[in-house]
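**Student:** Supplied in structure tokens, the structure appears directly below.
The values are calculated or read from the model by the stated rules, or taken from the named source; none is laboratory data. Nothing here was measured: the structure is a model prediction, and the numbers come from that model. Here the Cβ positions follow ideal geometry from the backbone for every residue, glycine too, while neighbour counts run over all protein chains shown.
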Amino acid sequence: MINRECGVLKTSYEADMALYPIPLARSTVLGIAIIVFLPFPVLANDYLLSVANLVNIAILGALGLNILTGYTGQVSLGHGAFMSVGAYTAAILATRYHLPFWLALAAGGVMAAAVGSFFGIPSLRIKGLYLAIATLAGQFIIEWSLNHITWISGGIQSSIYVPRPALGGYVINTQRGMYYLILIVVSLGIVAAMNLFRTRVGRAFVAIRDHDVAAEIIGINIFRYKLLSFAISSFYAGVTGVLYTYYLGIANYEQFTIVTSVNFLAMIIIGGLGSILGSIFGAAFITLLPILLRYVVEGIGGLFFTISDVAGVLTNLQLILFGGLIIFFLIVEPDGLKKLWRNITDYFRVWPFPY
Amino acid sequence: MGAFHLTIEGLHVSFGGVKALTGVSVSAKAGEILAIIGPNGAGKTTLINTISGVYRPEKGRVRLDGQDITHLPPHRIAGLGVARTFQNIALFKGMTVLDNLLLGRHVHMRAGVFASSLYWGLAQKEEVQHRKFVEEIIHFLEIEPIRRKIVGRLPFGLQKRVELGRALALQPKILLLDEPMAGMNLEEKEDMARFILDVNEEWGTAILLVEHDMEVVMDLSHRVAVLDLGRKIAEGTPNEVRDDPVVIQAYLGSRPRAARGFGGDA
């Protein structure tokens, strides 16, 4: 986080290869962890907690897509559909087979990973935009299947109501309970991804993105690692779908359409491709921006117009500003919010000296 | 390492109607530096690409220690101890020097997804152990100051050196170098020549060197094979090849005018 490596000496490779080799960064992360685990959930009201839950769920999904698109360089427009696979798997297992929450969570992830790697098979032959179209086909195939196969969707409206999640007899039925549950799952997801990308498998993913021929020449089985990337990414997507389903209390394919896929792509592009911090920034940005815009538009509009007039234009104005801000950010910093953050930390790295 | 042997037998490679290699046979054994030379378009790079599995030959065999590797995919061939560098650097430009070299260790590492994401037990031990090995290469190539630098931002000469390092990290039995000196200044060439000789002498690694700089070829190589238009036209020690009239003809065109006695004439 805040990097001041001056005066930090390392005496072993273990220390040099730690997740946070710099003590100040370690304490920064620890501080953030304490804040999100202790005072925030205690002090925040239900509305704030529900927003935080949405952000956390989005972080996990964005992380998943970033593993595939940002780190491995395989564009996917089917991320939303892979989430829906996890969502429906968990919902079916929980309602019809009465599996406990944590098993349904894992099963949702595994099922999504299986389906995701199946739709990743074309990536052996095609790249870039062509792969995007192939995954788009996956999105529509999955969407259609959920909608039309009644065994999956449970018939009319394609919705399955899920019970509140329970862990060992303790039923989680408050926003605060959900907050802790989601936070723990998301934290695990973040740490796992961080570890993945400082070791062998993650390096192979990045190698495939940077130069696939060279990657193969140094002994990386490209097909296997591309599929693995699809599987891991879809696992994250599946778990995201399960969490979202339990958050809403209902599994519904309309939550996981092509719009969702595009939204997640927007998150990782704005946050920063190939960056875990970028996934977090992007997810928070795209989730919070419409909410903040609503307050701004309502607040300013309320001064001059009646509430009903404001409500009438709100949706459209929100969309216009949303699009405008995305374009603005991409022009100002094409490498995403993580680059902006990096610029700030780089400045303070040597502060108060210029270099 | 004594038994090591790379044998290429009657290799035919063509792209559409263009015959890139016609019946090329050549071999290299442990501890040997074999240079492949020839005019542009002679098929030198094609030969390297075929050995490393990027191209599939129509006819012919590539054998490594007697094992037929002709139709193995590139990543399997790498696993058997064949490493290479590229004419136009093919590094992972967005990664650090350290990560690039560690990728060279990929085939020697075992950790899977679960161990990696937990960074526990095997995964951590393995990372540290291979980091130590890579540090030795960094020391050997004298690139300590740039180990944390992003490769894409390094100057050309250093990138070439990092690419050699990545190939060495694989601990190859044979190293295929595709024009390692191209575009370098004299000092960089001297460094690179020193590294190549050291690798060959200290590790006993066989080296197949494609190079246009004749001085380098004559100084470094034990044997030279000459390709022209996809055929091998000569093979021997550097001195033998230098004086071979067929080789001179391939490089300078049909009989030099001076030899016919009317130099200066149009």
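**Student:** Which residues, counting only those in the stretch B:130-151, are at the interface with another protein chain (Cβ under 9 Å from one of its Cβ atoms) and surrounded by fewer than 20 Cβ atoms within 10 Å (Cβ to Cβ)?
**Tutor:** B:Arg131, B:Lys132, B:Glu135
**Student:** Can we say A:Leu292 is out of contact with any Pro (no Cβ under 6 Å at 6 or more places or on another chain) and within 23 Å of A:Lys338 (Cβ to Cβ)?
**Tutor:** Yes: the conditions hold for A:Leu292.
**Student:** Let me ask something else. Check whether at least one residue in the stretch B:56-65 is on the phi > 0 side of the Ramachandran plot, in a loop (DSSP other than H, G, I, E, B) and more than 13 Å from chain A (Cβ to nearest Cβ), and report yes or no.
**Tutor:** yes
**Student:** Of all residues in the stretch B:127-155 being assigned to a helix (DSSP H, G or I) and touching a Lys or Arg at 6+ places or on another chain (Cβ under 7 Å), which is nearest to A:Arg200 (Cα to Cα)?
**Tutor:** By that ranking, first place goes to B:His130.
**Student:** Can you tell me which of A:Ile190, A:Ile232 is surrounded by fewer than 21 Cβ atoms within 10 Å (Cβ to Cβ) and within 16 Å of A:Leu65 (Cα to Cα)?
**Tutor:** One residue alone meets the criteria, A:Ile190.
**Student:** Can A:Leu131 be described as in a loop (DSSP other than H, G, I, E, B) and of a type in the set (A, V, I, L, M, F, W, C)?
**Tutor:** Considered against the rule, which asks whether it is in a loop (DSSP other than H, G, I, E, B) and of a type in the set (A, V, I, L, M, F, W, C), A:Leu131 comes out as no.
**Student:** Quickly run through the stretch B:167-194 and pick out the residues that are among the hydrophobic types (A, V, I, L, M, F, W, C) and not in a loop (DSSP other than H, G, I, E, B).
**Tutor:** Scanning the stretch B:167-194 gives B:Ala167, B:Leu168, B:Ala169, B:Ile174, B:Leu175, B:Leu176, B:Leu177, B:Leu186, B:Met192, B:Ala193.
Per-residue answers, yes or no, for (1) at pLDDT 95 or above; (2) out of contact with any strand residue (DSSP E or B) (no Cβ under 9 Å at 6 or more places or on another chain); (3) more than 22 Å from A:Arg200 (Cβ to Cβ):
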| residue | (1), (2), (3) |
| --- | --- |
| A:Phe223 | no, yes, no |
| A:Ser233 | yes, yes, no |
| A:Gly238 | yes, yes, yes |
| A:Gly249 | no, no, yes |
| A:Leu265 | no, yes, yes |
| A:Ser275 | no, yes, no |
| A:Ser279 | yes, yes, no |
| A:Pro290 | no, yes, yes |
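**Student:** Any idea how many residues of the stretch A:82-104 are surrounded by fewer than 24 Cβ atoms within 10 Å (Cβ to Cβ) and assigned to a helix (DSSP H, G or I)?
**Tutor:** Residues in the stretch A:82-104 being surrounded by fewer than 24 Cβ atoms within 10 Å (Cβ to Cβ) and assigned to a helix (DSSP H, G or I): 7 in total.
**Student:** If I filter the stretch A:240-258 for residues that are within 14 Å of chain B (Cβ to nearest Cβ) and either surrounded by 24 or more Cβ atoms within 10 Å (Cβ to Cβ) or not charged (D, E, K, R) (or both), do I get at least one hit?
**Tutor:** no
**Student:** Has the stretch B:50-62 got any residue that is closer than 27 Å to A:Leu63 by Cα and among the acidic types (Asp, Glu)?
**Tutor:** no
**Student:** Let me ask another. Checking the condition without any contact (Cβ under 8 Å) to a residue 60 or more places away in the chain and within 14 Å of chain B (Cβ to nearest Cβ), which residue from A:Gly202, A:Gly169, A:Gly189, A:Gly219 passes?
**Tutor:** A:Gly219
**Student:** Hey, could you check the stretch A:205-216 for residues that are of a type in the set (A, V, I, L, M) and more than 7 Å from chain B (Cβ to nearest Cβ) and say which is surrounded by the fewest Cβ atoms within 10 Å (Cβ to Cβ)?
**Tutor:** The residue in question is A:Ile208.
**Student:** Could you say whether any residue in the stretch A:52-66 is small (Gly, Ala, Ser) and free of Cβ contacts under 8 Å to residues at least 40 places away in the same chain?
**Tutor:** Scanning the stretch A:52-66, I find no residue that is small (Gly, Ala, Ser) and free of Cβ contacts under 8 Å to residues at least 40 places away in the same chain, so the answer is no.
**Student:** If a residue counts only when it is touching a Lys or Arg at 6+ places or on another chain (Cβ under 7 Å), which helices (runs of 4 or more DSSP H) contained entirely in the stretch A:246-355 have at least 3 such residues?
**Tutor:** Helices (runs of 4 or more DSSP H) meeting the threshold: A:276-304.
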